[in-house]
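Structure, as structure tokens:
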Amino acid sequence: MVRWEPDSRGRLEKAAMELYGERGFENTTVAEIATRAGLTERTFFRHYTDKREVLFWGAGALQELLVNAVADAPDGASPIDAVAAALETAGAMLQQRHEYARQRQAVIAANAELRERELIKLASLATAIAGRLRGRGVKEPAASLTAEAGIAVFKVAFERWVNDTTGGDLPLVIRGSLEELKAVTAG
């Protein structure tokens, strides 16, 4: 096996996604992923704790991006506008990986354990955003309601975007979904 080629993480991710698509998540082993990537299992475990982490390893970076974007919103921004700006920032980052996002979502949709893990990730994002809103002086329950609504908007927009085969503009889909929520809540 080739040991010191660059981009081991990227090669492992690509191999895993190919195998998950071909054989299903449940029927794919770490050994098969490493072999497909031309690497060892040991190298796999240097990058990921298990085969689920190939799908979820970026959650911490996404959370940090969202929380920092909420913190960086202008002082006069309303809580929902601060969250909207954060979601659009995340959307711009994810925009570059549309095909990967489509593949990832298909793998997650096909497995109950992975769907549960995705929901836990989204709940963790909402909790972190609510904490940052409280840090901006937003009281409860407004901080939690705003964060939960923001994550709901993100979830709906993301699903619409990954199912759009044209690879539309995710920040625009997020903005449109938020406007729809505002229209619904306006009465």
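Remarks
- Shown for Y48, Y100: other C-beta atoms within 10 Å of each C-beta, ranked fewest to most, produce the order Y100, Y48.
- Taking label positions 7 Å along the Cα-Cβ direction at both T127 and Q96, the computed distance is 2.9 nm, reported to one decimal.
- Helix 98-109 vs. the chain, principal-axis angle (Cα, 0 to 90°, nearest 10): 80 degrees
- Top positive-direction residue, dipole computed over the chain with Cβ charges, set T185, V67, T146: V67
- V54, V156 arranged by Cβ crowding within 10 Å, fewest neighbours leading: V156, V54
- Note on the chain: helix-only mean residue ellipticity at 222 nm, from DSSP H runs of 4+ residues weighted -39500 (n - 2.57) and normalised by residue number, equals -24000 deg cm²/dmol.
- Signed unit charges on C-beta, dipole axis of the chain, positive-most listed residue G76, F25, A123: F25
- For the pair E22 and K155, the difference between a 0.36 nm per residue extended length and the Cα-Cα distance amounts to 45.3 nm.
- In this Cβ point-charge picture (+1 for Lys and Arg, -1 for Asp and Glu), the chain has a dipole of about 340 debye about its Cα centre.
- Each of I129, I120, I33 has some number of other Cβ atoms within 10 Å of its Cβ, and from fewest to most they run I120, I33, I129.
A short reminder: the numbers here are calculations on the coordinates, not readings from a lab. As the structure is a prediction and not an experimental result, all values here were calculated from the model. Positions of Cβ are backbone-derived with ideal geometry, glycine not excepted, and every protein chain shown enters the neighbour counts.
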